[in-house]
Amino acid sequence: MSALITLRRRALAAAIVAASFSGSHLFADQPITELSVGQLPSDTSVQQVVLQEAVDVAAESVAAEAGIPQPISDATPVAVEAEAVQAAPAPPPAYYQNNPVNAVVTAAPSCNCCTTKCCTKKKKEAATAAMKAAYGGLFYGNNFSYLNDPCYDGPSFLGDSLKGLAGGKLDIGGEARVRYHSENNIRARVPGLRGTGPSGLGLTNNDDEFFLTRVRLFANYRMTDNIRVYGEYLYADSGGEDFGNRPIEENRGEIQNLFIDAKLTDNLTARVGRQELLYGSQRLISPLDWANTRRTFDGARGLYSNGDFSLDGFFVHPVNRNTATESKIDDADENQDFYGVYGSQKGLGIGNVDAYYLGYENQTVDFSYHTIGSRVYGKTDGGMLYETEGGFQFGDNAPGLGSHSANFFTAGLGRQLEIGDWKPTVWMWYDTASGEKDFADVNRGDDGFDHLQPLAHKVLGFMDLFGRRNIQDINMQFITPVMGPKVKLLLWYHYLRLNEATTPYDVVLQPYNTNTAAGDKELGHEIDVLFNINLNPRNNVLLGYSHFAAGDYYDTTAGVPNNDADFFYAQFQTRF
């Protein structure tokens with residue numbers, strides 16, 4: 001039976017790859033000279049997010065709603081909802097942006113751009129930019145209005161004919177992704193599943209190699225001028241591994257999104273149902289696209305926007321992701337309440353500003369945390385890129401651990417250099433989050449900062465060794481085009497330390513070692529190398545290698561592995 005399951009998984013991966021190359025438009029593209037850094041197609045992987053955001057000066061800053069990846073937004077221009085690189089120079093029509101409910105793709109008026117002046121070069125460039133930014137990391141914010149633009153004369157792609165169906169009311173599409181992992185000394189063993197090494201995450205002395213496959217299918221139906229129904233299906237699987245899969249790697253059939261939008265006024269929309277969330281830099285709220293399964297929630301949300309100002313309020317429950325239900329439709333975990341208000345204002349004197357309050361109550365572990373924070377990012381008149389974000393957290397720790405008091409802070413400075421025709425981008429960052437001071441109290445619900453629902457992969461190293469608790473990270477980025485504008489190289493160095501001499505925490509905030517306090521605060525050095533290859537605006541390849549050199553913490557702390565670690569991966573993704 002296990003051989004049959006493995007065979008089926010590999011067949012699925014092969015079928016996805018074959019299907020991805022079967023369309024006649026796979027390599028349809030604009031001339032290379034028309035592809036700029038700020039026009040890269042959005043990608044759902046965090047690496048592209050990091051690469052694009054860091055390089056994209058035109059996108060306001062490295063974390064400008066594209067998060068080093070892709071600033072995709074909901075159909076409403078809520079700057080906080082960005083996950084794909086929608087850094088196109090020309091935004092989609094305001095009507096489409098401000099009307100997520102009644103935006104439609106209908107037949108365009110005829111316009112012969114060869115014999116009339118109706119389509120200027122600027123309009124053609126804007127239409128092409130809109131095509132490249134059509135897909136976002138949150139698919140319910142996709143914008144296919146360029147298909148209705150008479151000035152668009154670019155390539156067509158597989159799936160274009162599925163947009164604007166039912167009289168312009170229905171869009172259908174999706175994504176297929178295949179990724180290969182080779183993990184040395186970092187493969188997590190799930191407790192209770194096969195494997196002999198330590199369970200949990202971080203350095204584990206476990207090696208493994210395997211494939212991850214994922215398919216997403218969406219349907220966006222605009223019933224009336226004021227009502228929209230959006231649904232999205234996800235299938236995620238893995239194959240070839242020696243150890244048991246993690247919960248974020250397999251989900252064989254899931255309702256990823258299913259909600260109704262009701263437009264209450266020109267500026268206010270109410271949303272009820274299952275929905276992904278993405279705000280700001282994704283340090284605290286993210287759909288976690290690097291994971292094969294993605295994160296989602298059940299609940300309600302209000303979205304208000306007016307020009308450069310947006311304000312969201314939400315109350316949701318995280319949807320369960322565990323191995324026991326990976327072949328079933330998952331329910332929401334009603335023992336966890338996640339709620340908050342997130343505001344964004346662009347174009348202020350100090351740059352773009354986000355401010356938020358976030359509440360998180362976990363009745364299973366029995367803690368209640370409240371976070372107040374803000375983020376400022378932008379670009380100076382002199383060309384400097386900047387971003388800073390920080391927050392204070394208070395509330396109640398798990399029973400017996402007293403009141404909660406924690407904080408986090410991030411600051412970065414960058415610049416796009418101009419050395420002749422070569423324009424690399426460099427960034428320097430400092431990241432810190434407080435930790436529990438008493439080793440006897442280290443716990444999921446202790447006094448360290450809680451990173452809530454983040455994309456940790458995006459900022460603390462692609463190897464996902466550490467979560468944002470009891471951590472310091474001094475890191476530097478170098479991003480440059482290589483072999484033309486379609487290929488970007490990212491080099492990212494991290495120097496990681498503990499704030500308190502207790503223990504590091506993994507990406508789900510479980511303490512790494514509860515037996516022995518840290519002998520030293522130095523965790524080590526990580527170097528990430530990523531090639532981001534954009535075949536065209538709908539097809540993308542990632543090739544990455546990361547190495548972790550273990551620091552003195554692993555040499556001086558009893559009972560923990562002290563070997564270095566390596567991670568190689570290769571990913572192909574197509575959207576239709």
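The values are calculated or read from the model by the stated rules, or taken from the named source; none is laboratory data. The structure displayed is predicted, hence computed values, not measured ones. Cβ: placed from backbone, ideal geometry, glycine included. Neighbour counts: every protein chain shown. Note: areas computed on protein heavy atoms with side chains; ligands, DNA, RNA excluded. Shrake-Rupley method; radii C 1.70, N 1.55, O 1.52, S 1.80 Å.
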Practice prompt. Scan the stretch 563-576 residue by residue and report those that are closer than 12 Å to Thr204 by Cα and either buried (at least 21 other Cβ atoms within 10 Å of the Cβ) or among the polar types (S, T, N, Q) (or both).
Written response: Asn563, Ala565
Discussion item. Suppose we keep only residues that are farther than 30 Å from Ser310 by Cβ and among the polar types (S, T, N, Q) within the stretch 226-268. Which one would you say is most open to solvent (accessible area, probe 1.4 Å)?
Written reply: Asn245
Practice prompt. Please work out which one of (1) in a loop (DSSP other than H, G, I, E, B); (2) charged (D, E, K, R); (3) more than 21 Å from Asp450 (Cα to Cα) is the condition Arg294 fails and give its number.
Written response: (3)
Worksheet item: So, of the residues in the stretch 401-422 that are without any contact (Cβ under 8 Å) to a residue 40 or more places away in the chain and either crowded, with 21+ Cβ neighbours inside 10 Å or not in a strand (DSSP E or B) (or both), which turns out to be farthest from the chain's Cα centre (by Cα)?
Response: Gly420
Worksheet item: What number of residues within the stretch 223-270 are aliphatic (A, V, I, L, M) and not in a strand (DSSP E or B)?
Response: 3
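To keep it simple, each residue is scored yes or no on (1) touching a Gly at 6+ places or on another chain (Cβ under 9 Å); (2) among the hydroxyl-bearing types (Ser, Thr, Tyr); (3) not assigned by the TED database to the domain that holds His457.
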site	(1), (2), (3)
Met476	no, no, no
Thr480	no, yes, no
Thr503	yes, yes, no
Ile533	no, no, no
Arg538	yes, no, no
Worksheet item: Applying the selection to the stretch 426-451, what residues are in a loop (DSSP other than H, G, I, E, B), farther than 17 Å from Leu523 by Cα and open to solvent by less than 10 Å² (accessible area, probe 1.4 Å)?
Response: Gly445, Asp446, Gly448, Phe449, Asp450, His451
Worksheet item: Regarding Leu268, is this residue of a type in the set (A, V, I, L, M), under 21 Å from Gly340 (Cβ atoms) and assigned by the TED database to the domain that holds Ala219?
Response: yes
Response to the item:
By residue number, the members of the stretch 546-576 that are under 24 Å from Tyr512 (Cα atoms) and among the hydroxyl-bearing types (Ser, Thr, Tyr) are Ser546, Tyr553, Tyr554, Thr556, Thr557
Worksheet item: Looking at (1) part of a loop (DSSP other than H, G, I, E, B); (2) open to solvent by less than 10 Å² (accessible area, probe 1.4 Å), which is the one condition that is false for Asp171?
Response: (1)
Item to complete: With respect to Phe211, determine if the residue is over 30 Å from Leu311 (Cα atoms), in contact (Cβ under 8 Å) with a residue 12 or more places away in the chain and open to solvent by less than 40 Å² (accessible area, probe 1.4 Å).
Response: no
Discussion item. Which pairs turn up if I take residues in the stretch 346-357 that are among the hydroxyl-bearing types (Ser, Thr, Tyr) and look for partners that are open to solvent by 60 Å² or more (accessible area, probe 1.4 Å) with beta carbon separation below 7 Å, at least 6 apart in sequence or on another chain?
Written reply: Tyr356/Val341; Tyr357/Val341; Tyr357/Ile372
Discussion item. If I go through the stretch 470-505 residue by residue, how many of them are charged (D, E, K, R) and more than 22 Å from the chain's Cα centre (by Cα)?
Written reply: 2
Practice prompt. Evaluate the following for Glu276: is it modelled with pLDDT under 95 and either acidic (Asp, Glu) or open to solvent by less than 10 Å² (accessible area, probe 1.4 Å) (or both)?
Written response: no
Worksheet item: Among the candidates Asp333, Asp312, Asp308, Asp289, which residue alone is under 13 Å from Gln453 (Cα atoms) and among the charged types (D, E, K, R)?
Response: Asp289
Discussion item. For the stretch 130-140, give me each residue that is buried (at least 24 other Cβ atoms within 10 Å of the Cβ), more than 14 Å from the chain's Cα centre (by Cα) and in a helix (DSSP H, G or I).
Written reply: Ala130, Met131, Lys132
Discussion item. I'm trying to understand the selection: among the residues of the stretch 422-457, which are among the aromatic types (Phe, Trp, Tyr) and modelled with pLDDT under 95?
Written reply: Trp422
